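Step one of this worksheet: look at the structure below.
We did not get these values from a lab; they are worked out from the coordinates using the rules stated. Everything quoted here is computed from the prediction, not taken from an experiment. Neighbour counts run over all protein chains shown; Cβ positions are idealised from the backbone, glycine included.
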Amino acid sequence: MTKRQKMTVAATGLGIFMVFTDVNIVNVALPSIQEAFTTGEEGIQWVVAGYSLGMVAMLMSTASLGDRYGRRRGFLAGVTVFTVSSALCALATSLTALTALRVVQGVGAAFVTSLSLALLSAAFPDPKEKTKAIAAWMAVGMVGASAAPTLGGVLVQFFDWGSVFAVNVPVGAAVIVLTVIYVTESRDPQAPRLDWSGQVTFIPAVALLALAIIQAPRAGWTSAAIWAALLGASACMGLFVHFERRTAVPLIDLSLFGDPVYRSALVVYFLVMSCFFGVLILTTQYLQDVHDFSPLLAGMLIFPVPVAFGSASLLAGAAVNKWGPRRPTLACLGAVIAGLLVTAAGLGSMLPVVVAGLALFGAGSGGCATPLLVLGMTHVPQHRAGMAAGLVNLQRSMGSIFGVAFLGSILAAWLSLSLPGSLTAYVPDRAVRQAVASAIIDSANPHAHPAFIGPGRPLKHLLPGQARAIVRAADEDFIGGIRIALGTAVVLLAGAFALSWRRFPTQGRADSES
């Protein structure tokens, strides 16, 4: 590996580290933001949702723009937009301004996320070296994602909510310097014209789908607004497919999905990332609300997850080169499932078991992410690297939205069903009991960071004995809901395991080309 290649890994790795960190670091600052702007729960949701929407809607367009005008140029533009908008977020004086800036941040993050992997792929033409580079890139990025709660806890505790955005500025500056000096420009040699019809239909299709996923747990899947969003997304996607089949230079080459290995890698990656982000949020919620730990302590207890994730990502690169992608993927999916089962068994009274289960979960997640990325980037033509990277990263971004919303909504739904009955012995009056249950459940935020259902927070206007009994009942129901959510994640991952077993080759293309 040459010095330029090493610095390319450093530049793209730090870029994705910055983006991944921002996804989760804001969560621990939400109560402070809510207090600063005296806003309700729904307003805070959009501080988080705006970022996801900006990123998801633009991912494929950024890949196309990078392929045509230069991936290095697009990457630099994305880092600059992300860094400047982060600084402005730290200085925001209204919730509206902060939410709008978060959307801009998401757009910048889309450029960084999509084009960093494309630059990395172009810098390493040798398949085995490419595998090692992708492993290092993923390890750096996901360490940022998982370590963000700890870092956010430190920043909020010793500074203020704006510091979680300001921390991006020096990292972004370092990425810009490294990219300008060391990263080589790359683009699609065919330099096709932009597929404007595809972009105009794809962006609203993905944005409306993401909006429906985010809003459905609160509004209900049967609500008119959710159905309107889903129908709008379906109509836009139908138009998108119509245009893509008829254009010579599509935004997404639909023929890529004809490769069963590539198609399956996208599905499995989506499921793994959904469970990873969803479980990480549920765990933070469990530590903060059931155990009443501070954000800083909760983040420290979760820290084994990023350590295991990063270590396994690096080891998986060597494993893929030796055995191909199938064995590492299956072994690590098994580890993820086992980690979730251990975590579920330890909930309630065995905190060391929970931490051990989370470490195994993190190792399995990191270990299977690398071979999935390798499959995604080696089963497409080189000139489609930007497009392939965009599709891969779209699965992670959509997975993070889906996982948090879906697993969080399972927890909220369980509490809605079980909590009123559990409170009967402690709050005899039905109206008061329902109000108490609603006060606990309505404080949840399953759309972005569901860590505000407060079993550890005494409710007002209740006798001390009643409050303690309600806390105990809510704790038990809370643990039961998390176990159900973890069980759902196990089912999803079992499906991913079966698909990997059936579709992935014993030896990957990287091996066959070496």
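With each run of n ≥ 4 DSSP H residues scored as -39500 (n - 2.57), what mean residue ellipticity at 222 nm is computed for the chain after dividing by its residue count and rounding to the nearest 500 deg cm²/dmol? Walk me through the intermediate numbers first.
Details: 19 runs with 403 residues, N = 514.
Result for the chain, helices only: -27000 deg cm²/dmol.
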Self-check item: Percentage of interatomic Cα-Cα distances in segment 196-248 larger than 19 Å
Solution: 31
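Given the peptides 469-475, 367-373, 351-357, arrange them by the average over their residues of other C-beta atoms within 10 Å, most packed first.
Working: 469-475: 20.4, 367-373: 30.3, 351-357: 17.1.
For the peptides 469-475, 367-373, 351-357, the packing ranking is 367-373, 469-475, 351-357.
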Exercise. Can you tell me what the convex hull of the Cα atoms of segment 122-241 projects to on average, as an area in nm²?
Key: 12.3
Quiz item: Based on the Cβ-Cβ distance from Lys322 to Asp126, what FRET efficiency comes out when R0 is 22 Å, to the nearest 0.05?
Solution: 0.90
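Determine Rg/Rh for the chain; Rg is computed over alpha-carbon atoms and Rh is the Kirkwood hydrodynamic estimate from the same atoms. All intermediate terms of the calculation are to be shown ahead of the outcome.
Details: Rg = 22.4 Å, Rh = 23.1 Å.
Answer for the chain: 0.97.
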Quiz item: Most exposed first by the Cβ proxy, i.e. fewest other Cβ within 10 Å, how do Ser61, Ser311, Ser94 rank?
Solution: Ser94, Ser311, Ser61
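Using a Förster distance of 30 Å, how high is the FRET efficiency between Arg430 and Arg468, based on the Cβ-Cβ distance and rounded to 0.05?
Numbers: r = 21 Å, r/R0 = 0.71.
That pair, Arg430 with Arg468, gives E of 0.90.
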Self-check item: Count, lysine Cα pairs under 21 Å in the chain, 8 or more residues apart or across chains
Solution: 9
Exercise. Order by neighbour count: Leu375, Leu297, fewest other Cβ atoms within 10 Å first, most last.
Key: Leu297, Leu375
Practice problem: Give the calculated FRET efficiency between Ala219 and Ala97 to the nearest 0.05, with a Förster radius of 25 Å applied to their Cβ-Cβ distance. | Solution: 0.50
Quiz item: At Gln157 and Asp292, where each label point lies 7 Å from the Cα along Cα→Cβ, what is the point-to-point distance in nanometres?
Solution: 1.8
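For Cα pairs less than 8 Å apart in space and 6+ apart in sequence, what is the mean separation divided by the residue count of the chain, i.e. the relative contact order in percent? Intermediate values should be presented prior to the final figure.
Numbers: 950 pairs, mean separation 108.4, N = 514.
Reported relative contact order: 21 percent.
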Quiz item: Got a sec? How would Thr150, Thr329 order by Cβ neighbour count within 10 Å, fewest to most?
Solution: Thr150, Thr329
Quiz item: Using a basic spin-label model with each label point 7 Å from the Cα along Cα→Cβ, how many nm lie between Ala87 and Glu35?
Solution: 2.9
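Multiply the residue separation of Val267 and Val180 by 0.36 nm, subtract the distance between their alpha-carbon atoms, and state the gained length in nm to one decimal. Don't jump to the answer; show the numbers that get you there.
Numbers: separation 87, 0.36 × 87 = 31.32 nm, distance 3.49 nm.
Full-extension gain reported as 27.8 nm.
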Practice problem: Would you kindly state how much longer the chain becomes between Ala494 and Ser349 on full extension, computed as 0.36 nm times their sequence separation minus their alpha carbon distance, in nm to one decimal? | Solution: 49.5 nm
